[in-house]
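Novice: Can you keep this structure in mind? I'll have questions shortly.
The values are calculated or read from the model by the stated rules, or taken from the named source; none is laboratory data. Since we're looking at a predicted model, the values are computed, not measured. We place every Cβ from the backbone using ideal geometry, glycine too, and count neighbours over all the protein chains shown. To get the accessible areas, we keep the full protein, side chains included, count just its heavy atoms, and leave off ligands, DNA and RNA. Shrake-Rupley method; radii C 1.70, N 1.55, O 1.52, S 1.80 Å.
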Amino acid sequence: MTLRKISITFFTILSVAVTAQSSKKQMSKLIQDEFQFAEKQYKYLMKDIPNDKMPQSFKASEGKLITKDISWWCSGFYPGSLWMIYEQTKDPEIKKEAERTLNLIESNKTFTRDHDLGFMMFCSFGNAYRITKNPVYKDVILTSAESLSTRFRPGMQAILSWDKMADFKGPVIIDNMMNLEMLVWASQNGGNKKTEEIAIAHANTTMKNHFRPDYSSYHVIDYDVNTGKVLNKKTFQGYSDSSAWARGQGWALYGYTMMYRFTKDEKYLNQAQNIAKFILNNPTLPEDKIPYWDFNDPKIPNVPRDASAAAIISSALLELGQNTKGDEKENYINVARKMLTSLSSEKYQSKLGENGGFLLMHSTGGLPLNSEIDVPLIYADYYFLEALKRYKDWYL
Ligand code: GLY
């Protein structure tokens, strides 16, 4: 090698190392600032919550906090967010509120009216147990897993998402992948072996029926509950039956990445990699990497974003980065970092004391339902905090 070539190689390696070091420094500061902000901001949020409700969103035009009953699918995100903030800050006021809200939702452990128990009980009690190792919390998770498993329908080899909803007979939504985490965790932590088998069956059935050749996901598959025959492939919250609803793609990516963590079954990793390809190569994914609410809305770019989808996708990409190598891994981490940097910027992040006390603005719950459009949503905050924690634990 000539001296010139050696110098170029040396300076290239040096500049890559310097860039990596400076992005580590930046992220370290960003994450620290974000948790300090969350600690203060959630003290505004906790002020106006009625004792028997959970915060969901904020209606800026009326200056009104929107809250929901504890049986709403989102009831675990506020306690879970509080636990993650407490973990980083050790603030006793945050811990007290985290414990109060866990008590409030504990009775959900026998809830069987829909599939959302994993969101409700694992995002809350799962974080609480991870941080405190209190065996009472573990018991609640194991009971909740048993309750959720009652919704498994052997005929369709899947968990029934909703009993009765619109015209659906046996609806299974892609979101349901997220509830499998509690089932597998419970099984691997002293619970019933059956709950893991149910989760695996559900993940396999979903892999077979929910995905298009480009690995985008349908929202709802309607089954014949007895035979498992697919009756219809539809949407409930997306732009159209054939579109890729952004948060649904996030649930899919997160779901298969998580299933690989527990099972080490390569087919789940491959599925997650293919879903990531669909999302990251999508021509509608904007420069700041915060997706529009549906990848196929023809009115893009004049449609709302979904910060919650970005938060979920960033958290999933960080985990996918743990299971991949080389350029592929770098790409997942870089996109997740871009998402987290965007979400922490003025464009998406609330100001202290504003936005009802939520951390993030610009999420979209159900656009076709005319519900929760371009608003803060509690689960956007939850997955944002989770992604920040993951980045800190794995990449700093
Ligand atoms: N699981 C409901 C939603 O993502 O809106």
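Novice: What is the one condition in (1) surrounded by fewer than 17 Cβ atoms within 10 Å (Cβ to Cβ); (2) in contact with a Cys (Cβ under 7 Å, 6 or more places away or on another chain) that P92 does not satisfy?
Specialist: Just one mismatch for P92, condition (2).
Novice: Which residue pairs have Cβ atoms under 9 Å apart, sit 6 or more places apart or on different chains, and have a first residue in the stretch 236-256 that is over 15 Å from I312 (Cβ atoms) and a second that is in a loop (DSSP other than H, G, I, E, B) and modelled with pLDDT under 95?
Specialist: Matching pairs, first to second residue: F236/A166.
Novice: Could you list, ordered by first residue, the pairs with Cβ atoms under 7 Å in which the first is in the stretch 68-91 and closer than 16 Å to Y382 by Cα and without any contact (Cβ under 8 Å) to a residue 24 or more places away in the chain and the second is within 16 Å of the ligand (Cβ to nearest atom) and of a type in the set (A, V, I, L, M), at least 6 apart or interchain?
Specialist: Here the result reads W72/M54, each pair linking the stretch 68-91 to a residue that is within 16 Å of the ligand (Cβ to nearest atom) and of a type in the set (A, V, I, L, M).
Novice: Would you mention how many residues in the stretch 160-174 are farther than 18 Å from C123 by Cβ, within 15 Å of the ligand (Cβ to nearest atom) and in a loop (DSSP other than H, G, I, E, B)?
Specialist: 2
Novice: List pairs: first residue in the stretch 189-206 and at positive phi, second residue open to solvent by 10 Å² or more (accessible area, probe 1.4 Å) and not in a loop (DSSP other than H, G, I, E, B) anywhere in the structure, Cβ distance under 7 angstrom, at least six positions apart or on different chains.
Specialist: Pairs that qualify, where the first residue is at positive phi and the partner is open to solvent by 10 Å² or more (accessible area, probe 1.4 Å) and not in a loop (DSSP other than H, G, I, E, B), are G190/L142.
Novice: Sort out which residues of the stretch 180-197 are in contact with a Ser or Thr (Cβ under 6 Å, 6 or more places away or on another chain) and either over 19 Å from F119 (Cβ atoms) or open to solvent by 10 Å² or more (accessible area, probe 1.4 Å) (or both), and write them in order of number.
Specialist: First pass over the stretch 180-197, keeping only residues in contact with a Ser or Thr (Cβ under 6 Å, 6 or more places away or on another chain): 183, 186-187, 193, 195-196.
Matches in the stretch 180-197: K193, E196.
Novice: Here is a follow-up. State yes or no: is M177 open to solvent by less than 20 Å² (accessible area, probe 1.4 Å), under 21 Å from the mean Cα position of the chain (by Cα) and within 14 Å of the ligand (Cβ to nearest atom)?
Specialist: Working: open to solvent by less than 20 Å² (accessible area, probe 1.4 Å): yes; under 21 Å from the mean Cα position of the chain (by Cα): yes; within 14 Å of the ligand (Cβ to nearest atom): yes.
Spelling it out, M177 is indeed open to solvent by less than 20 Å² (accessible area, probe 1.4 Å), under 21 Å from the mean Cα position of the chain (by Cα) and within 14 Å of the ligand (Cβ to nearest atom).
Novice: I'd like to check something: does the stretch 180-202 contain any residue that is touching a strand residue (DSSP E or B) at 6+ places or on another chain (Cβ under 6 Å), away from the ligand (no atom under 16 Å from the Cβ) and part of a strand (DSSP E or B)? Break it down stepwise before answering.
Specialist: The first filter runs over the stretch 180-202 and keeps only residues touching a strand residue (DSSP E or B) at 6+ places or on another chain (Cβ under 6 Å), leaving 198, 202.
Still in the list and also away from the ligand (no atom under 16 Å from the Cβ): 198.
Then drop every residue that is not part of a strand (DSSP E or B), which leaves none.
No, because not a single residue in the stretch 180-202 is touching a strand residue (DSSP E or B) at 6+ places or on another chain (Cβ under 6 Å), away from the ligand (no atom under 16 Å from the Cβ) and part of a strand (DSSP E or B).
Novice: Could you list, in sequence order, the residues of the stretch 346-396 that are aliphatic (A, V, I, L, M) and either surrounded by fewer than 23 Cβ atoms within 10 Å (Cβ to Cβ) or within 16 Å of the ligand (Cβ to nearest atom) (or both)? Before the answer, list the steps.
Specialist: At the first step, the residues of the stretch 346-396 found to be aliphatic (A, V, I, L, M) are 352, 359-361, 367, 369, 373, 375, 377-378, 380, 385, 387-388, 396.
Once the filter is applied, which keeps residues that are aliphatic (A, V, I, L, M) and either surrounded by fewer than 23 Cβ atoms within 10 Å (Cβ to Cβ) or within 16 Å of the ligand (Cβ to nearest atom) (or both), the stretch 346-396 yields L352, L360, L367, L369, I373, V375, L377, I378, A380, L396.
Novice: Looking at the structure I just gave you, is I290 touching a strand residue (DSSP E or B) at 6+ places or on another chain (Cβ under 6 Å), closer than 21 Å to G255 by Cβ and away from the ligand (no atom under 16 Å from the Cβ)?
Specialist: On the way: touching a strand residue (DSSP E or B) at 6+ places or on another chain (Cβ under 6 Å): yes; closer than 21 Å to G255 by Cβ: yes; away from the ligand (no atom under 16 Å from the Cβ): yes.
When the stated conditions are applied, I290 passes them.
Novice: In the stretch 114-143, what residues are among the hydroxyl-bearing types (S, T, Y) and away from the ligand (no atom under 16 Å from the Cβ)?
Specialist: Keep residues of the stretch 114-143 that are among the hydroxyl-bearing types (S, T, Y), which gives 124, 129, 132, 137, 143.
Matches in the stretch 114-143: Y129, T132, Y137, T143.
Novice: Here's another thing I want to ask about it. Which condition does Q237 not pass, out of (1) within 16 Å of the ligand (Cβ to nearest atom); (2) in a helix (DSSP H, G or I), if it passes all the others?
Specialist: Answer for Q237: the failing condition is (2).
Novice: Further question on the same structure: Looking only at the stretch 139-159, count every residue that is open to solvent by less than 10 Å² (accessible area, probe 1.4 Å) and in a loop (DSSP other than H, G, I, E, B) and tell me the total.
Specialist: 2
Novice: List the pairs whose first member sits in the stretch 115-130 and is in contact (Cβ under 8 Å) with a residue 24 or more places away in the chain and acidic (D, E), whose second member is open to solvent by less than 10 Å² (accessible area, probe 1.4 Å) and within 14 Å of the ligand (Cβ to nearest atom), and whose Cβ atoms are under 7 Å apart, counting only residues at least 6 apart or on separate chains?
Specialist: Listed pairs, sorted by first residue: D116/N179.
Novice: Kindly check whether there is at least one residue in the stretch 246-258 that is modelled with pLDDT of 95 or more, away from the ligand (no atom under 16 Å from the Cβ) and either surrounded by 23 or more Cβ atoms within 10 Å (Cβ to Cβ) or more than 18 Å from H202 (Cα to Cα) (or both).
Specialist: Just the residues of the stretch 246-258 that are modelled with pLDDT of 95 or more, to begin with: 246-258.
Narrowing further to those that are away from the ligand (no atom under 16 Å from the Cβ): 256-257.
Adding the requirement that they be either surrounded by 23 or more Cβ atoms within 10 Å (Cβ to Cβ) or more than 18 Å from H202 (Cα to Cα) (or both) leaves 256-257.
Checked against the condition, which is being modelled with pLDDT of 95 or more, away from the ligand (no atom under 16 Å from the Cβ) and either surrounded by 23 or more Cβ atoms within 10 Å (Cβ to Cβ) or more than 18 Å from H202 (Cα to Cα) (or both), the stretch 246-258 yields at least one hit.
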